[in-house]
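Novice: Attaching a single structure in structure tokens format; questions to follow.
The values are calculated or read from the model by the stated rules, or taken from the named source; none is laboratory data. Remember, it's a predicted structure, so these values are computed and weren't measured experimentally. Note that we place each Cβ from the backbone using ideal geometry, even for glycine, and neighbour counts take in every protein chain shown.
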Amino acid sequence: MKFNRLVYLLFALVIGLMVWIVKDSFTQPSVRDLDLVYKELVFFRNENNTGPIQRVYVVYVEDDSRELLEAYGDYMPHTKYGNTQVYFFTDSTNAPKDVLHSKPFIPIAYQAYCVAKYEKSAMGDVRFLNRPFAEKNEIDQ
């Protein structure tokens, strides 16, 4: 009789643990949880599957608060030994509809309208620049 109780108790614990893991998996924070109005305008990923993965995002945002933009960048996918760059624009009409497939990625005609750039390097280092295409920009990390 004690053996049956032990089996039922272990079964209930395993089921409870599985429910908790599934619930926790589906309730992870994401970009949608940010208090930020945004729209991803362009996404580019190189087709190199044997070398470093290069991801470039062009995003329209209404608020150019550093904390929100950095949090947005932190939520973007990143691959080990890859590079992720997010360019932020506050005016969707003055944002590129396509990106170049090599640096500087943003066409010259739109560079003046870029308000910030978030970059996560191959080793996971984060770099945030205000006005990245200005002659003298602020390096904030």
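Novice: Among (1) part of a loop (DSSP other than H, G, I, E, B); (2) over 19 Å from Ala134 (Cβ atoms), there is one condition Glu40 misses while meeting the rest; what is its number?
Specialist: Here Glu40 meets the rest and fails (1).
Novice: Right, another one. Filter region 48-62 down to residues that are surrounded by fewer than 17 Cβ atoms within 10 Å (Cβ to Cβ) and within 23 Å of Gly124 (Cβ to Cβ) and give me whichever is nearest to the chain's Cα centre (by Cα).
Specialist: Pro52
Novice: Between a first residue in region 104-115 that is more than 19 Å from Val61 (Cβ to Cβ) and touching a residue at least 24 places away in the same chain (Cβ under 8 Å) and a second residue that is crowded, with 16+ Cβ neighbours inside 10 Å and of a type in the set (Ser, Thr, Tyr), which pairs have beta carbons less than 7 Å apart while being 6 or more apart in sequence or on different chains?
Specialist: Close Cβ pairs satisfying both conditions: none exist.
Novice: State all residues of region 92-117 that are under 21 Å from Leu68 (Cβ atoms) and surrounded by fewer than 11 Cβ atoms within 10 Å (Cβ to Cβ); if no residue qualifies, say none.
Specialist: none
Novice: Please go through region 1-57 and give me each residue that is modelled with pLDDT of 85 or more, of a type in the set (Lys, Arg) and farther than 30 Å from Lys97 by Cα, ordered by number.
Specialist: Within region 1-57, Arg5, Lys23 qualify.
Novice: Please go through (1) among the hydroxyl-bearing types (Ser, Thr, Tyr); (2) in contact with a strand residue (DSSP E or B) (Cβ under 7 Å, 6 or more places away or on another chain); (3) at pLDDT below 90 for Tyr60 and return the number of the only condition it doesn't satisfy.
Specialist: Failing condition for Tyr60: (3).
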